[in-house]
Every structure is written in C-alpha cells, then in structure tokens.
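Just below is one structure, and these are the notes that go with it.
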Amino acid sequence: MASSSPTAHLLFASLSALALVGCREEGGNLRVDFLRPEVELSKREDGRIELDGAFDLTVGLDTWNEADEGEVWLDRLDVTTTDAPLVPIVSEIRVPDGDALFPVETEADREATVRVPFTGLTPKAPGDELAWLCSIGRPMELQGAVYDAESGTMQVFYDSASVLQPVPDEITFSRKDAAAKPLPPRVVSMPMQIPGSFLPSFDVASAWGGFVLGAHVSDGLNLGDRLIPTEGAGDVVLVRFDAQGKVVWDRKFGDFGPDGISSLSAREGGDLYVAGHFTTEIDLGAGALLNDAGTRGYFVARMSDAGAAAWSVGLLEDAVFPLENCAPPGPRIAARPDGGVSFVKSLYGTIPFPDGPVEATPPVDYCSADLLLTAYDAAGGLLYVRRFGDEYDQQVLDVVADAEGNTWIVGLSNGALDLGNGLPLIVGPMSPMPVVSQLFVAAFDPQGTPIVARELGQVNARQGYHVHLAARPGGGVVVAGPFSGFIDLGLEVATTTGLGEDGFVVALDGAGKQIWGQHFDQAASPFPESFTLGDVAVAEDGRVVLGGRAMSGFNVGGQPLPGGTPTFGGGIGSALFTFVLDPAGAPLGYRILSCNAGPMRLDVGGGEVSLVSTVVGFSEGEHGLLPRNDGALWMGRLALDP
C-alpha cells in the first residue's frame, strides 16, 4: 500500500483505466480513477491542436468507519506520456468555466462519479491532428493533483495496474469538424491480430475491381468477420477483397514448413499471378508441387477470379549450404501484356529446367548469388531461362513488365555484372563483404535479350533492403526506394548525411535514360530506417504514387514537405504516409494514414490506391480517427483524385 505525503503534488491516472490506490490519513483506502475519456481534436489557425474532452472522475472510499465521508478536489490536470510523466504535452488545461478546482463528494464504501469536461492546447503546431498523435507515439495519460478535503493533504497515488490488470478503457479521439477534413479511405480494416503474427512477407495487387492480399502468415490472420488459422511455421494465404473492402474469398495453402507468398502481379482484365516459396508440398489447385529433402522450393501460379489455379510450376533449388543461412529474398514476378509472367530471383545453387540445370557461378562467399530470369506463357509453358553473374553477390530486388512486353529489374551488384549484348558493365566494389553495393536497373526484351543496363548509384544495402519498380505508361519505369550513399538523379547526384536513410524516385525512359528524379531528404537520424519509401505504383495517366513511413519531416527536391508538417512520427515507430507526384515528378500532395507503421505495399488500379500496412497506434478510418490498436493491419482503398 502506498503511503501518503503532504508534499506530493501529482496524481497519475491513465487513459487506459488504470486503478489508482492511495492511503488515507484517517484510515481506509481512497480510490481515484479517470475513466471513459473522450477527446475531440481541432486545428487552430496557428497550427496548434485544441483538445475538447471529458472523462469520468470516479472516487471510492473504503473504511471501517461507516460515518466517514469526504470531498476530493481535482486541483490540476495535464496530459502526459508514461515515459515522460513530468513533461506535459498539452498545456493550458481548463476544467468547467476555467475553475481551478472540481469537487466530488463520496461516502464510505460507495463510489461517486462525476463527468468532468476539460479543454487543452498543444504547445507546438504539428500541422495535423493525426500528425500530433503520431508525434507522441506513446499512450497518453491524464496527470492531476488531487486534494483530500478531510485530511487536508495532497496524496501520493501509485499505479497498481500491474497487479489489478483491468481491461483497458482506451481514449476515443475524434475530429470536432469532420466535414472540414474529409477522409479519403473508402474502406479500412484494422482487426486485432494474433500476437506475433505480423506478416513476414506480403504483397498487394489490384485485380478484378478490388485488390488481393497475398502473404506468408505465421500465426493466423484476423479479418474481422473471420479468422484464418495457420499451421506449422506458416502458410500461403490469399484474400480477395471487392471495391468496398468486403472479403470475396480467402484461400490457404501449404504444409507444416514455412510456406509463403512474396509477390503478386496482375494486368488490367487479366488473371492474377502469385509467387512464393514452399518447404515440402503445396497444392494451389492445379496439382501438388513436391520438394526434395535438402532443397528449397519456389512456385509461380496463375489464379482465376474464383481463387483456383489454372496452372502452377515448382522450381527446386539445390545448394551446397543451407539457404536459410543467407536469408534469401523471395522470388518476384511481373505479369506480361501477352498474358504470361516473368519470374526473377537471386540464384544461390542449381535449379533443373527442361533443357538442363542452371547453376550459379561458384561464389567467393557462400552467400553470393547470381541473377535468374525466366518467363512463362499464358498456359504455363517455359519461354526462356537466363542467368547472369560472377563470383560476387548479385541480388534482384524487384521486377516489372512494361506495355511493350519488356521485363525490367532493379538489383544490387558487388562484382562486375556483364549482361552481354554490347551493354556496359555494371561494376560493384568487387568485394564479398562490401560497405556499399552498386544499385542498377536492367531491361530485357520479350525474348529475354538484354537491352538496358544502367547504374544508379552506390548504396549501403542493409539486411532486408528493398527498392521497387513501376512501369510508366509511355515506356520505361519509375524506380523508388530508400538509400544511404549516393543516387544519380540525372541532373544531380543525391547524397545522404548521417546514419538514417533518405528516399529517391527516378523516372527512366525506354532506353534507360533519366527523365527526372526526386530526392526525399530528411534530417540526419541515428535510426537506419527512420525514413523509407516502401513501394511505388504508376497510374494510367502517369501520376506516381509512393507509400512509406517516416519518423520526422522531410524535404522533396530541396523544398519542405507540402503542408508544412514538421513531424510525422515519434518514439520507435514511423508514421505511414502516401505521396503523389505528377507525371513530370512535381509533388501533388501527401496524406498521413497511421502512426508507427511497419512494412507496407500498395498498388493502383481503377483510379484508386490499394494499400496494406502493419501498424501500431492511431490511424485514419473511413469515418474518422480509429482508436489505438497495438498490432493490426491497415487495409484501405484511397481515391487517387482529391
């Protein structure tokens, strides 16, 4: 039991309905709770955020003296966080009519409750209500000084939630004038996930008027109205959503090993292609694919709108060492305009094909890989197989097919990559353990002949590093991703400073020449992933849609982010955002969608953006701000036009 103290000035009361217990001078226990807090947010002309809220101030007195009664006075109120309780994040708190004290009368063994309205104002101007919530990044608490009229003292109260473990009573945030800030998401789903079930890998593709989520799910997927359980180390999961976000069907495939999807791709009016990995056996509906002991299995399949496989192909890679030690990235695919699909991966060992096995170059380091490029026609027939590389590591990061049927890849080279056909060498550091790697783009015609080889710059390729591609409607591609090092933007070279990564976007024409480039420059940060561009897509009219996450504000092309938001994220997480550029690379606008986001993927189709991200914290919903959710998927479709 906590002791009382006349010098104590603060009562800590959590927005999660944490019980607070203190000792009463005259004997007996005094209980105080701040429950059911509701807060409306609005933005002032100076950019500061106003809070207009209310909570239940509940007081109980347990004593053996039946005649005992008393008054408890709320003397002061602040909004703080659990890790900085003495530093208010909201100032100028007022209770009704500006009164400094608010009384509650209580009797022995009875609980008294009074609804206390209050107002507050943020000391800084974050520029956006959700940006303010993101900038805090932690659960908020009410901090008050409580005066016990009978004992004549301020008392120390301890947070006993760890003992009582009550059901959280989360704060409800809303916007005071929702009509003044229309929300773009048409559909949003944020179901609580099974603990530890953040998706190890997933992808999103616009298809059949809605979108499809494909993932490696390790601990089950909660879709709100249904739960998809998984077995063993994870399964392949496919979920089709219609344009309103309703589940059309879901499919689960796999055995007891770690099976999953790493890539989805579809073209307008066509079927969906899926690619991933499997351990022992997988049947996607077109017959079982079997894996041999000691090899790693990969698959590519064509799926109809009913969720059935028209055909599937398995590829078995045999290496002299366990591939899991190298954390190999999953294969990537791109639907082709002829109805077929291109399949690319980093090749570490040997894969048998109908015309004979294809073997990686003997490596200087056992985790060094070559580039493998294959293509299949609409019926699943093999069109060609190409391998490129030397004894140093070559990694393929993404692939896309343009309207002419050319296959583009973006990758990393640590050696001297010779694609042949008279193209220039792509020269890396020629080292098995380099500090930086050469980022490059290459293109191949519909028959697999190399036609473009272009170096983009030298980057620090950390574990899990990704850069993404999207095809331009007029030919060529857009390349986007995070980087630490330098990137050739065409007219200038962008260079990072500090430990944190910046972002880049480069548009290339059909010959691989830079058309325009943008540098997403953020302040130096000690966190390597304090800013990242997680995916890119291009609309039919050429607009470029980016998705990413950021801990702080950033500049685009040397100019501050439109809207003047100085902070996007806080704590250990990053805020989820989307950003749109016009066909010439000029910024059009951005949108903050959630706090503390994790991996995300997006696609564009039918004038809408389909986006999925793992999130923690507050998020935008279709009808307002969603409550804090510590472990969820944000799934939504956003209108591309304002």
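Values as computed for the structure displayed
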read-out	value
Residues satisfying the stated conditions in the stretch 473-492, i.e. of a type in the set (Gly, Ala, Ser), buried (at least 18 other Cβ atoms within 10 Å of the Cβ) and not in a strand (DSSP E or B)	476, 484
Filter pass, residue 255 being farther than 26 Å from residue 466 by Cβ, in contact with a strand residue (DSSP E or B) (Cβ under 9 Å, 6 or more places away or on another chain), among the charged types (D, E, K, R) and at pLDDT 80 or above	yes
Given (1) among the small types (Gly, Ala, Ser); (2) surrounded by 19 or more Cβ atoms within 10 Å (Cβ to Cβ); (3) without any contact (Cβ under 8 Å) to a residue 12 or more places away in the chain, number of the condition residue 293 does not satisfy	(2)
Top-ranked residue in the stretch 519-534 [being open to solvent by less than 30 Å² (accessible area, probe 1.4 Å) and in a loop (DSSP other than H, G, I, E, B); ranked as modelled with the highest pLDDT]	530
Residue check for residue 288: within 18 Å of residue 262 (Cα to Cα) and without any contact (Cβ under 8 Å) to a residue 60 or more places away in the chain	no
Close pairs (7 angstrom Cβ cut-off, 6 or more residues apart or separate chains): open to solvent by 80 Å² or more (accessible area, probe 1.4 Å) in the stretch 493-518, among the aromatic types (Phe, Trp, Tyr) anywhere	493/486; 495/486
Extreme residue, surrounded by the fewest Cβ atoms within 10 Å (Cβ to Cβ), among residues of the stretch 320-360 that are among the β-branched types (Val, Ile, Thr) and over 22 Å from residue 398 (Cβ atoms)	320
Subset of the stretch 262-282 (residues that are more than 21 Å from residue 209 (Cα to Cα) and touching a Leu at 6+ places or on another chain (Cβ under 7 Å))	278, 281, 282
Meets criteria (in contact (Cβ under 8 Å) with a residue 40 or more places away in the chain, under 23 Å from residue 639 (Cα atoms) and either among the charged types (D, E, K, R) or open to solvent by less than 10 Å² (accessible area, probe 1.4 Å) (or both)) for residue 212	yes
Residue count, the stretch 587-626 (criterion: among the β-branched types (Val, Ile, Thr) and free of Cβ contacts under 8 Å to residues at least 60 places away in the same chain)	1
Residue selected from the stretch 112-126 under the condition over 12 Å from residue 90 (Cα atoms) and assigned to a strand (DSSP E or B), by the criterion least open to solvent (accessible area, probe 1.4 Å)	116
Of residues in the stretch 392-428 being over 18 Å from residue 536 (Cβ atoms) and small (Gly, Ala, Ser), the one most open to solvent (accessible area, probe 1.4 Å)	422
Residue within the stretch 346-357 that is closer than 18 Å to residue 274 by Cβ and either out of contact with any Ser or Thr (no Cβ under 6 Å at 6 or more places or on another chain) or of a type in the set (Phe, Trp, Tyr) (or both) present	no
Residue within the stretch 260-270 that is at positive phi, surrounded by fewer than 19 Cβ atoms within 10 Å (Cβ to Cβ) and not charged (D, E, K, R) present	yes
Sole residue being open to solvent by less than 50 Å² (accessible area, probe 1.4 Å) and either modelled with pLDDT under 80 or over 16 Å from residue 173 (Cβ atoms) (or both), chosen from 41, 51, 30	30
Single unsatisfied condition, residue 371 versus (1) more than 23 Å from residue 318 (Cα to Cα); (2) surrounded by fewer than 24 Cβ atoms within 10 Å (Cβ to Cβ)	(1)
Members of the stretch 429-472 found to be part of a loop (DSSP other than H, G, I, E, B), surrounded by fewer than 20 Cβ atoms within 10 Å (Cβ to Cβ) and modelled with pLDDT of 95 or more, listed by number	445, 446, 447, 448, 449
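The values are calculated or read from the model by the stated rules, or taken from the named source; none is laboratory data. Note that this is a predicted model, so its numbers are computed, not measured. Neighbour counts run over all protein chains shown; Cβ positions are idealised from the backbone, glycine included. Heads up: the accessible areas ignore ligands, DNA and RNA and are worked out on the full protein's heavy atoms, side chains in. Shrake-Rupley method; radii C 1.70, N 1.55, O 1.52, S 1.80 Å.
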